[in-house]
1. Just subtract the alpha-carbon distance of residue 121 and residue 94 from 0.36 nm times their residue separation and send over the number in nm, one decimal.
2. Which ³J(HN,Hα) values, rounded to whole Hz and listed in residue order, are derived for region 199-206 from phi using the Karplus coefficients 6.51, -1.76 and 1.60 in 6.51 cos²θ - 1.76 cosθ + 1.60 with θ = phi - 60°, glycine and proline given as x?
3. Provide the per-residue ³J(HN,Hα) series for region 166-183, in order, calculated from phi with Karplus coefficients 6.51, -1.76, 1.60 and θ = phi - 60°, each as a whole number of Hz, with x at glycine and proline positions.
4. For the pair residue 53 and residue 76, how long in nm is the line joining their label points, each one 7 Å along Cα→Cβ?
5. Kindly identify region 92-164 as rounded, prolate or oblate by the Cα gyration tensor criterion: order the square roots of the eigenvalues as a ≥ b ≥ c, call it rounded if a/c is under 1.5, otherwise compare a/b with b/c, prolate if a/b is larger, else oblate.
6. Could you give each residue of region 124-136 its phi-based ³J(HN,Hα) in whole Hz, using Karplus coefficients 6.51, -1.76, 1.60 with θ = phi - 60°, and x for Gly or Pro?
Amino acid sequence: MEDEHFPRLQNSMKTKLRTFARLLWILIIPVLNIFYGVLNHGGANVRSLMTALDERIPLIPAFIIPYLIWYPFVFVMLIVLFTEKRRAYYRTLITLCLGLVSCYIIFHLFQTSIHRPQITDHGWLSLLIRLVYQMDGPYNCFPSIHALTSYLILRGSNECLNLSRVSRLLIGITSWSIIISTVFVKQHVVLDILGAIVLAELLIFAVGKWFPSLVEAKPSNVLKSGRWRKYL
């Protein structure tokens, strides 16, 4: 009996390891984020996209909370997408990575900065804002990576029809809270958000067009056999 169970256990372990390996693709995000620090500095041609509307937007310390939960939110939601709908996971991850690369290219060619207010309050929320200001330079603003990634997560979650209404509502509230927090903690301006959403939509369209065409244009034995469906 032990000899019969061992191959089954071995196959089960291999299946779980293969599944876990596919999830590890999310680790490409922190690798790509290395370029953020490299580009986060001024130069000869640094522009400002601040408008009269941005000058009217107040600093609201409470928004530092959704601003800071952004990073864990993105990773947790990618895991949710992975478990709920594999196709949505891959599409969102690919689009997100392309979005990060696009942002870094824009930062290099069209660097922008933001004028931050002086934080005089000594509350713990204001302390968190000062900490963010110290760790993150006032550059790499357009487009907003916070807004881009949160919007992509929101769009990806819309493909997961098995999620409950409450889950969808919470994801939507969290995503939009992160997006608007960027202007209320004075890390971005309105045009940074608009640019991020436009870029996200363009990349969603491009990924939807490129990858089906690639499968049809260059069919391999794996694709012909139908084994590629295990990735979806």
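1. Numbers: separation 27, 0.36 × 27 = 9.72 nm, distance 4.12 nm.
Result: 5.6 nm gained on full extension.
2. Result, rounded to whole Hz: 4, 4, 5, 5, 6, 4, 5, 5.
3. 3J(HN,Hα) across region 166-183, in whole Hz: 5, 4, 4, 5, 5, 5, x, 4, 5, 4, 6, 5, 5, 4, 6, 4, 4, 8.
4. Output for this residue pair reads 3.0 nm.
5. Values: a/c = 3.74, a/b = 1.45, b/c = 2.59.
It is oblate, given that a/c is not under 1.5 and a/b is not larger than b/c.
6. 5, 5, 5, 4, 5, 5, 4, 5, 4, 4, 6, 7, 10
Readers should treat all values here as calculations from the given coordinates under stated rules, not as data from a laboratory. The structure displayed is predicted, hence computed values, not measured ones. In this analysis, Cβ positions are derived from the backbone assuming ideal geometry, glycine residues included, and neighbour counts consider all displayed protein chains.
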